Amino acid sequence: MNLDLNDSFALYKKMGSDGISQAQYRLGRFYEKGEHVIKNKRLAFYWFNKAVSNGYLVALNKVVNKINKLEIELYKEDNYN
């Protein structure tokens with residue numbers, strides 16, 4: 001079976017939509033780098049987040065980096081003293 005790049009992306013999209021976390025991570029990478037799709041940071045973050053929520057912790061680094069770039073505080077020390 002010979003798949004071209006569009007077929008490959010479609011297969012990842014199907015697997016990601018079916019909840020396969022590694023495929024969700026790969027979709028995030030496609031959108032992050034603009035491989036086979038138009039570069040889209042929002043969709044990249046969406047798929048990385050889905051991958052994390054389905055247990056693929058490799059994607060956690062991407063999610064945390066995005067949050068850090070937005071300078072969102074997840075924890076305020078003053079609130080817990």
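The values are calculated or read from the model by the stated rules, or taken from the named source; none is laboratory data. As the structure is a prediction and not an experimental result, all values here were calculated from the model. Neighbour counts are summed over all protein chains in view; Cβ atoms, including those assigned to glycine, are modelled from backbone coordinates with ideal geometry.
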Item to check | In region 33-44, the residues that are over 19 Å from Asn54 (Cα atoms) and either charged (D, E, K, R) or outside any loop (DSSP other than H, G, I, E, B) (or both) | outcome: Lys33, Glu35, Lys39, Lys41
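Could you list, in sequence order, the residues of region 24-44 that are among the small types (Gly, Ala, Ser) and either surrounded by fewer than 22 Cβ atoms within 10 Å (Cβ to Cβ) or without any contact (Cβ under 8 Å) to a residue 24 or more places away in the chain (or both)? Before the answer, list the steps.
So the first thing to find is which residues in region 24-44 are among the small types (Gly, Ala, Ser), and the list is 28, 34, 44.
Scanning region 24-44 gives Gly34, Ala44.
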Checklist outcome for this item: Flagged in region 1-20 as out of contact with any Leu (no Cβ under 8 Å at 6 or more places or on another chain), small (Gly, Ala, Ser) and modelled with pLDDT of 95 or more, in numbering order, are Ser17, Gly19
Checklist entry - Can you name every residue in region 49-76 that is modelled with pLDDT under 85 and either assigned to a loop (DSSP other than H, G, I, E, B) or among the small types (Gly, Ala, Ser) (or both)? => result Glu71, Ile72, Glu73, Leu74, Tyr75, Lys76
Checklist entry - Mind checking which pairs have a first residue in region 45-62 that is over 14 Å from Arg26 (Cβ atoms) and a second that is of a type in the set (A, V, I, L, M) and at pLDDT 90 or above, Cβ under 6 Å, 6 or more apart or different chains? => result Leu60/Val52
